[in-house]
């Protein structure tokens with residue numbers, strides 16, 4: 001008789017953004033005329049840049065022609081994309097990463113969720129609190145955690161790294177040593193960043209203890225401060241202890257196109273076993289490559305004109321971030337993030353819980369954000385707004401919040 | 001200290017098609033002028049049909065326009081695609097499957113590889129022998145098997161269902177009851193098909209024993225015989241015991257576009273737990289939807305003109321299958337498959353092993369096929385050729401083999 005994976009049953013409720021979606025639907029049914037502005041899920045709104053659209057059309061034409069048609073992609077991605085990534089994202093920043101160490105995929109979320117598979121079930125994970133839910137949930141599913149404790153809103157056997165106002169939302173090195181450490185900077189949801197010397201401390205810590213850092217750099221394109229590292233491989237020794245995840249979703253608006261990549265350095269060994277062949281095997285067995293036309297779109301992001309266009313989009317979103325940050329701050333909100341990251345993190349007023357603030361914001365301002373508690377108990381009394389709306393909506397949302 | 005998933009280390013060698021690729025590269029280095037015809041990996045060669053190309057261009061334009069741009073897709077796929085699948089693939093064939101039960105993905109390989117996650121590690125799996133390697137390998141990775149026994153070329157604790165000349169390459173019901181049963185018909189690699197009354201026996205068996213059938217119907221579009229079921233849901237009671245995988249790869253040449261779907265009926269329960277919410281949770285946590293433009297391409301496959309065009313492609317490939325089947329048969333080869341499936345399965349001559357025959361075929365005819373042993377010990381002394389080449393190459397390959 002078949003048996004289910006009971007670890008799945010440990011997961012409380014449903015995925016955060018599905019819950020938010022449901023609340024909005026309910027509200028809309030009750031208020032069919034409400035003009036809702038969504039600064040919640042973190043989805044982009046700017047259309048794909050013209051240079052990328054051009055590359056897509058060209059690749060579509062290739063697929064319609066027998067001479068240029070492409071079937072299965074190489075397991076780990078097309079060389080034209082892997083080589084430009086290695087060059088522009090790494091070697092140009094003095095990171096020693098080769099084309100072979102780049103694994104192209106359909107997005108950082110998938111890779112962040114799947115990476116835990118190549119580690120055994122008895123690894124102990126550490127995550128920031130608050131945290132992007134995928135890191136924890138994918139480990140719950142694999143049985144790498146204990147049960148969920150509703151009162152603490154935490155899973156047993158997970159090392160939570162508090163990110164608080166006091167530490168500037170950047171975690172301190174833990175006393176209890178984790179085997180796998182999830183770090184995401186610029187951070188989702190807090191918008192905090194980690195300076196290079198600080199990240200170097202984490203790399204040194206991981207090397208000393210034989211831990212592996214799973215570094216989510218999905219938002220690196222939003223960094224403007226030259227002190228902030230774009231890649232963990234800017235730190236010495238990171239090739240021996242870190243895997244990095246990157247995404248085209250926020251960099252170039254690919255949330256609906258789906259493209260990302262993961263870097264697994266060949267020097268990275270665990271118990272003497274190199275991780276590169278394990279991840280390659282995972283790709284070869286359970287994945288079939290990102291679509292050719294999407295990989296060509298990814299290539300276009302690195303062209304001179306493509307770069308210029310996506311940088312313009314990022315500047316557009318970062319101006320939104322400034323508008324939200326300044327607007328809320330001048331209204332007396334306590335805000336952080338939003339400078340080298342597209343997320344603005346604010347403390348809810350008058351000790352409101354984050355879901356209470358969600359409801360108030362939806363009902364009084366028609367604005368949707370993300371309750372901090374959805375990212376873990378450390379997010380309670382906090383709230384995330386994103387810079388990914390249109391300018392008009394962003395300005396309007398800030399106005400409405402200020403009038404509340 | 002981090003620890004690797006040691007189950008990965010149980011996997012011998014590398015993935016079959018990577019091995020074949022390596023042998024071809026080695027041969028090409030030694031014979032740079034060799035004109036090699038590939039009837040091995042099962043990749044299509046016909047370009048994407050015009051109606052689908054049209055839909056792709058249109059969707060690309062939508063992505064370039066702020067009014068029509070789409071970000072994150074709904075977790076389980078766009079309603080426009082899920083509804084047309086439910087209608088055309090299921091309700092039109094009198095299968096009671098609703099739009100909600102369709103989970104759109106980036107391909108059947110990914111879904112076949114990932115589905116095992118929602119079952120516990122102590123389920124015992126049954127697979128056909130020979131078999132598509134993904135079913136076994138993904139379970140090895142999850143620790144659902146014992147070690148690999150090189151002499152038997154089998155993993156411990158897996159129930160292998162022999163598919164032999166004697167049983168027409170269609171497995172008999174096993175005596176030892178499996179928890180999870182992988183079936184693929186039309187079959188890869190043998191090209192065998194299962195009649196409806198036979199599949200009904202499997203459904204009855206699974207219901208009686210509380211087993212779940214994981215039914216890979218990736219090749220259903222190649223069925224011409226009206227006696228052969230296209231879906232397991234044509235069998236009574238299958239909604240209570242079966243998950244079905246479908247692919248656009250072979251149906252419409254999407255190997256490089258990546259689109260498939262999985263059907264999880266809401267009635268399917270294991271130990272009283274419905275599987276639909278578990279798979280939905282898996283999708284929501286570790287996946288972010290197939291690209292919008294690819295889902296629009298999938299929709300176009302079901303349009304009147306799209307259907308006509310992809311049927312023409314299938315007819316083209318099936319004429320290739322006929323050419324291979326007839327050509328080899330009349331040369332004295334023992335062949336099967338190739339009638340309701342794009343694969344021709346042949347016995348190697350003079351008791352040659354399948355890798356010996358691979359080398360002979362490559363060296364004497366410059367033709368690449370797939371050694372049966374790559375699909376398990378039951379594939380030894382057998383060889384797979386695919387109908388997915390161009391007409392010219394297929395005719396030439398058969399001529400060369402006949403002259404050997």
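Peptides B:371-380, B:84-93: what's the order by average Cβ count within 10 Å, highest mean first? Walk me through the intermediate numbers first.
Numbers: B:371-380: 23.1, B:84-93: 17.2.
Highest-to-lowest ranking by the protection proxy: B:371-380, B:84-93.
For the segment B:3-13, counting C-beta atoms of other chains within 10 Å of every residue's C-beta and taking the mean gives 6. For peptide A:383-396, the mean count of partner chain Cβ atoms within 10 Å of a residue's Cβ comes to 0. Here r is the Cβ-Cβ distance between residue A:147 and residue A:240 and R0 is 35 Å; the resulting FRET efficiency, rounded to 0.05, is 0.55. When A:246, A:391, A:282 are arranged by Cβ crowding within 10 Å, least crowded first, meaning fewest neighbours, the order is A:391, A:282, A:246.
Gain on full extension, evaluated as 0.36 nm per residue between residue A:58 and residue A:312 minus their Cα-Cα distance, stands at 89.1 nm.
Calculated from DSSP H runs of 4 or more alone, at -39500 (n - 2.57) each and per residue, what is the 222 nm mean residue ellipticity of chain A, nearest 500?
-10500 deg cm²/dmol
For the residues B:188, B:94, B:198, a GNM of chain B with alpha-carbon springs under 10 Å puts the largest fluctuation on B:94.
The ellipsoid equivalent to the alpha-carbon distribution of the protein assembly as shown has semi-axes of 45, 27, 27 angstrom, derived from the gyration tensor eigenvalues as √(5λ) and listed largest first. Compare A:145, A:262, A:285 in a GNM of chain A, Cα atoms joined below 10 Å, and give the one with the largest fluctuation. Its mean-square fluctuation being the largest, the pick is A:285. Mean-square fluctuations from a GNM of chain A, with a 10 angstrom spring cutoff on Cα atoms, peak among A:104, A:44, A:134 at A:134. Model label sites at residue B:390 and residue A:165, defined 7 Å from Cα along the beta-carbon direction, differ in position by 7.0 nm.
With R₀ fixed at 41 Å, the C-beta to C-beta distance from residue B:267 to residue B:225 puts the FRET efficiency at about 0.90.
Would you mind ranking B:110, B:163 by Cβ crowding within 10 Å, fewest neighbours first?
Result, fewest neighbours first: B:110, B:163.
Given R0 = 56 Å, the distance between the Cβ atoms of residue B:274 and residue B:404 translates into a calculated FRET efficiency of 0.55.
Would you mind giving the mean number of other chain beta-carbons within 10 Å of the Cβ of each residue in B:53-60, as a whole number? All intermediate terms of the calculation are to be shown ahead of the outcome.
On the way: counts 5, 2, 1, 8, 5, 1, 3, 13.
Per-residue shielding by partner chains comes out at 5.
The label-point distance for residue B:364 and residue A:65, in a model that sets each label 7 Å from Cα toward Cβ, rounds to 4.0 nm.
Test of understanding: ordering B:264, B:339 by Cβ neighbours within 10 Å, fewest first, what list do you get? Display every interim value, and only then the final one.
On the way: B:264 24, B:339 19.
Starting with the residue having the fewest Cβ neighbours, the order is B:339, B:264.
Please compute the contact order of chain B in relative form: average sequence separation of alpha-carbon pairs under 8 Å and at least six residues apart, divided by the residue count, as a percent. Display every interim value, and only then the final one.
Working: 762 pairs, mean separation 91.7, N = 404.
Computed value for chain B: 23 percent relative contact order.
From the C-alpha coordinates alone, can you work out the Kirkwood hydrodynamic radius of the range A:17-155, in Å? Spell out each step's value before the answer.
Details: mean 1/r = 0.0501 Å⁻¹.
About 19.9 Å, per the Kirkwood formula over Cα pairs.
Here, each number is a calculation from the coordinates, and none is a lab measurement. Quick caveat: nothing in here was measured; it's all calculated off a predicted structure. Because the Cβ atoms are built from the backbone with ideal geometry, glycine has one as well, and the counts that use them run over all protein chains shown.
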